[in-house]
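A short write-up of the structure that comes next.
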Amino acid sequence: MTAPEAATGHSPKPASNIRWIICALLFFATTINYIDRQIIGILKPTLQAELGWSEVDYGTIVFWFQAAYGIGLLACGPIIDRIGSKLGYAGAIAIWSFAAMAHALFRTPGGFSIARFALGLGEAANFPAAIKSVAEWFPKKERALAAGILNAGANVGAIATPIVVPVLAIQFGWQAAFIVTGLLGFIWLAVWLAFYRAPAQHPRVSPSELAYINADAPTMEEEPKIPWRTLFRHRGTWAFMSAKFLTDPVWYLFLFWLPDFFAKRHGLDLTSFGPPLIAVYLLADVGSVGGGWLSSALIRRGYSVNAGRKLALLVCALCVLPIFAASAVSGLWTAVAIIGLAAAAHQGWSSNLYTMVSDTFPRSSVASVMGIGGAAGAVGGMLMANYVGRVLETVGSYAPVFLWAGSAYLVALVVIHLLVPRLEGAPAPVVTR
């Protein structure tokens, strides 16, 4: 940035927009990630009927995915911060695509647990690598929007899955669904390796776009390097961990149990629950982009980063509250509207929660903090998997589950504000000799 630009706070208008192509690649990776993740939820009624699984068996399979996801998140953050987004993302998608295809080899809950464990290890790197890429490629004022767009890939994946998977399963068997969807990751991998570079090394990035990207941030060399173990000394880490622990299980509930809810409560099956699921995740797509847009719009209008992010989080938390009534309503589309609003709110919440990490930590530590928080969310998901399986086995109703889900976000927001009253960068570590 030139001296006049620095003085006025204005960035030059970019002559190229390669950063949005990178955002599109992150969007498609997240889409594939969620297709591979959600397929078992779509096939749950079919697999239970054909293979004789109980509710507890299915809960155990989900439990092992969450366990691996948590382990992978703790491990992948420091690795990605060390080797970079390009290689980190490439390795992750190769692992999870192999694991997705391997599901076709198994029939027992134990075998599926092994495949899901491997899938969880690979998929854990998706969001740490993606948010690190956003922090590298976007200035702060665009990060929430970029995070919202890539996060919308989760919803597109969740929309595509009930369209594609039933067709594959009915025509060619459930094994074909795992094989075909697993192959998508390798197609993305070839494009990623061919195109991705860091902004400063990318041949198609103009000098003005590079200046725009770096307008409000120091270079990676100037940023403080925070050792992984010392990240736990920062309140921002604990705020992110707490929020993920409390709210990630709600999204896992949608992914892994929503088809079953529609089957049990409204009598739908593999051929008929596609439209309700598509509607839910279309609404979630709107929420993902809308939540990121809301905080970015507030900041552009003069709100501080702290106020903009937290007001957006509050709006999202309030929109989840009606889900407590989802199991009580008799109309299918009323339930879809309530759950869709909650799904939209969760994705808007996530867009701002992810962006809080890049607001409060240097880019050199973003993937590590994302990994730590994601691991906390996975632990919450493990507890949720056991809880939901046992509730359905004993009570036979989703009512207690939705009651818990409706309150999680407001509790999380209170915790965030108590731990981090003002969003600000983590202090540089003190170097001792």
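Might you check whether a residue that is surrounded by fewer than 23 Cβ atoms within 10 Å (Cβ to Cβ), over 18 Å from the mean Cα position of the chain (by Cα) and closer than 30 Å to Ile80 by Cα occurs anywhere in segment 321-330?
Looking only at segment 321-330, we keep the residues that are surrounded by fewer than 23 Cβ atoms within 10 Å (Cβ to Cβ), and these are 321-322, 324-325, 327-330.
Of the ones still in play, those that are also over 18 Å from the mean Cα position of the chain (by Cα) are 321-322, 324-325, 327-330.
Those still in the list that are closer than 30 Å to Ile80 by Cα too: none.
No, there is no match, as no residue in segment 321-330 is surrounded by fewer than 23 Cβ atoms within 10 Å (Cβ to Cβ), over 18 Å from the mean Cα position of the chain (by Cα) and closer than 30 Å to Ile80 by Cα.
Could you check segment 47-57 and list, in sequence order, the residues that are under 18 Å from Gly381 (Cα atoms) and either open to solvent by less than 10 Å² (accessible area, probe 1.4 Å) or not hydrophobic (A, V, I, L, M, F, W, C) (or both)? Please lay out each step first, then the result.
Our first condition is that a residue be under 18 Å from Gly381 (Cα atoms); within segment 47-57, this holds for 55-57.
Across segment 47-57, the qualifying residues are Glu55, Asp57.
Which of the residues spanning segment 174-204 are open to solvent by less than 20 Å² (accessible area, probe 1.4 Å) and either of a type in the set (Lys, Arg) or outside any helix (DSSP H, G or I) (or both)?
Hits for segment 174-204 are Tyr196, His202.
Among the residues of segment 387-425, count how many are open to solvent by 60 Å² or more (accessible area, probe 1.4 Å) and over 18 Å from Ala326 (Cα atoms). Quick ask: steps written out before the conclusion?
Quick first cut of segment 387-425, residues open to solvent by 60 Å² or more (accessible area, probe 1.4 Å) only: 387, 390, 393-395, 403-404, 411, 414, 417-418, 421-422, 424.
Keeping just the survivors that are over 18 Å from Ala326 (Cα atoms) gives 387, 390, 393-394, 411, 414, 417-418, 421-422, 424.
Of the residues in segment 387-425, 11 are open to solvent by 60 Å² or more (accessible area, probe 1.4 Å) and over 18 Å from Ala326 (Cα atoms).
Within segment 253-294, track down each residue that is under 17 Å from Ala405 (Cβ atoms) and either open to solvent by 30 Å² or more (accessible area, probe 1.4 Å) or without any contact (Cβ under 8 Å) to a residue 40 or more places away in the chain (or both).
Within segment 253-294, Lys264, Arg265, Leu283 meet the criteria.
Look through Gly308, Gly371 and report the one residue that is crowded, with 23+ Cβ neighbours inside 10 Å and out of contact with any Gly (no Cβ under 9 Å at 6 or more places or on another chain). Please lay out each step first, then the result.
Details: Gly371 fails: out of contact with any Gly (no Cβ under 9 Å at 6 or more places or on another chain).
Result: Gly308 is the single residue among Gly308, Gly371 that is crowded, with 23+ Cβ neighbours inside 10 Å and out of contact with any Gly (no Cβ under 9 Å at 6 or more places or on another chain).
The values are calculated or read from the model by the stated rules, or taken from the named source; none is laboratory data. Bear in mind that the values here come from a model prediction, so they are computed numbers and not experimental data. Cβ coordinates were reconstructed from backbone atoms using ideal geometry, including for glycine residues, and neighbour counts include every protein chain displayed. In case anyone asks, the SASA skips ligands and DNA or RNA and just uses the protein heavy atoms, side chains included. Shrake-Rupley method; radii C 1.70, N 1.55, O 1.52, S 1.80 Å.
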